[in-house]
Amino acid sequence: MDRISSKHRSWNMSRIRGRDTGPEKIVRSVLHRMGYRFRLHRRDLPGRPDIVLPKHNTVVFVHGCFWHRHARCRFAYTPKTRVRFWSDKFAENIRRDARTRRALQRLGWRVIIVWECQTGSTESLGRRLASALERNGAETHAKSHPRVR
């Protein structure tokens, strides 16, 4: 049994944004302090990536652990009501994410996924992003702007 009314649950869910979320703003701030410049939510790319680094041919998706089902994450729980609905919804989200990633890679884009739970520490997030971008061939830019705090 749900602890709140369906009307209130609907209101709660309507407040969840798809862009400019807190975790997304943290990732953007860290990238900016590292010296990277980027574009946001490019409509011409599959999946409308959260962050696009055109100079490095790299896109960054900031995934909410709940919605995108981060494996073994405490935020990726399944609601106790309407379990079938949520299971179907989560499965489709995962399939859509995979299709989007493949489409971007076919177009020559490198894809980085940052999970919501990884945005708690900006220092470790900065190291993780620097490492991912180095693997993607952006090492000279990151090393010339090592200003992650």
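Here are the numbers for the structure shown:
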{"item": "Number of positions in region 71-105 that are open to solvent by 40 Å² or more (accessible area, probe 1.4 Å) and at negative phi", "result": "21"}
{"item": "Residues of region 55-70 satisfying the condition of being closer than 27 Å to TYR36 by Cβ and open to solvent by less than 60 Å² (accessible area, probe 1.4 Å)", "result": "HIS56, ASN57, THR58, VAL59, VAL60, PHE61, VAL62, HIS63, GLY64, CYS65, HIS68, HIS70"}
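The values are calculated or read from the model by the stated rules, or taken from the named source; none is laboratory data. Keep in mind that this is a model prediction, so the values were computed, not measured. A quick note on method: Cβ atoms are made from the backbone with ideal geometry, for glycine too, and the neighbour counts reach across all protein chains shown. Heavy atoms of the whole protein, side chains included, go into the accessibility calculation; ligands, DNA and RNA do not. Shrake-Rupley method; radii C 1.70, N 1.55, O 1.52, S 1.80 Å.
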